[in-house]
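Notes follow once the structure below has been shown.
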Amino acid sequence: YFVSSGIANPVTASVDGTDQSVVHLSFTNSFQLEVLYTLTVQNVEDGYGNSIETTDIDFSFYEVQAYDIVINEIMCDVNPPPQFLPVHEYVELFNNSSYDVNLSGWTFQIGDNAIRDFPDVIISAGDYGIICEDDAESEFTAFGITIPFLNPSELTVSGKRLLIKNSSGVIIEDLSYSDEWYDDEDKDDGGFSLERIDPLNFCGEDDNWTVTTDADGGTPGRENSVYAVNPDLSS
């Protein structure tokens, strides 16, 4: 085993104790973020003495940064119900990064006390995940990746703090939404979601959130109806 760009050979190479098709490599040199490396594998034999063909595998090392995963849409009031969506609350996540992100070991906090562990689920780069109620999972699968751990009526209309931390306890997203973000007397009674205008604006709050304009009542699993470039210009 050999890795390009100064990483060189691993100091150890050990076969996984459960899956013998997996080999764990340990290196002394550090990998740099977003650098393209090539792993070359050659002269590796199986238990019968058959040697692998020389293989080159390109890869990059990346650690998830704050706001790589953001809360992009919130359905916190389904009374009256949305027109053409499941009659259940949901929180939509969006992957802002250029890399697939595995949420295994991450946590999602609702308010002060309710903390949920994310399952082993991957949100691809530029894709969405839908946090929903367990009983509503089958209704949301048509819209994309589902993460079913909400309790019914857990997202209050007036607003709550929603906090996402990675497996190391680092805050990735911290959002406190408010019913004042609706700013629409015809829609603030329920049945319409709040949507983030620009997923790359991390501090805009009420200036970067508004009620959906989609006739369905929301856009789970797809680009928001109000999407626009809306940079945070305040200091």
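Tabulated data for the structure shown
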quantity	calculated
Residue in the range 179-189 that is under 27 Å from Pro81 (Cβ atoms), without any contact (Cβ under 8 Å) to a residue 24 or more places away in the chain, outside any strand (DSSP E or B) and open to solvent by less than 40 Å² (accessible area, probe 1.4 Å) present	no
Single residue of the range 207-230 satisfying the filter (among the hydroxyl-bearing types (Ser, Thr, Tyr) and surrounded by fewer than 17 Cβ atoms within 10 Å (Cβ to Cβ)) that is farthest from Cys76 (Cα to Cα)	Tyr227
First in the range 123-140 and in a loop (DSSP other than H, G, I, E, B), second anywhere and open to solvent by less than 10 Å² (accessible area, probe 1.4 Å), Cβ under 7 Å, 6 or more apart	Ser124/Asn95; Ala125/Asn95; Gly126/Asn95; Asp127/Asn95
Qualifying residue in the range 69-80 (condition: open to solvent by 60 Å² or more (accessible area, probe 1.4 Å) and over 30 Å from Ser167 (Cβ atoms))	yes
Selection status of Leu155, within 19 Å of Ser97 (Cα to Cα) and open to solvent by less than 20 Å² (accessible area, probe 1.4 Å)	no
Among the residues listed as Gly169, Gly105, Gly111, Gly129, the single one being at positive phi, open to solvent by less than 20 Å² (accessible area, probe 1.4 Å) and not charged (D, E, K, R)	Gly111
Selection within the range 103-130 - of a type in the set (A, V, I, L, M) and either under 10 Å from the mean Cα position of the chain (by Cα) or over 17 Å from Glu173 (Cβ atoms) (or both)	Leu103, Val121, Ile122, Ile123, Ala125, Ile130
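The values are calculated or read from the model by the stated rules, or taken from the named source; none is laboratory data. Note that the structure is a prediction, hence the values are computed from the model and not measured. Glycine gets a Cβ as well: all are built from the backbone with ideal geometry, and neighbour counts include every protein chain shown. For the accessible areas, the whole protein counts, side chains as well, though only heavy atoms, and no ligand, DNA or RNA atoms are used. Shrake-Rupley method; radii C 1.70, N 1.55, O 1.52, S 1.80 Å.
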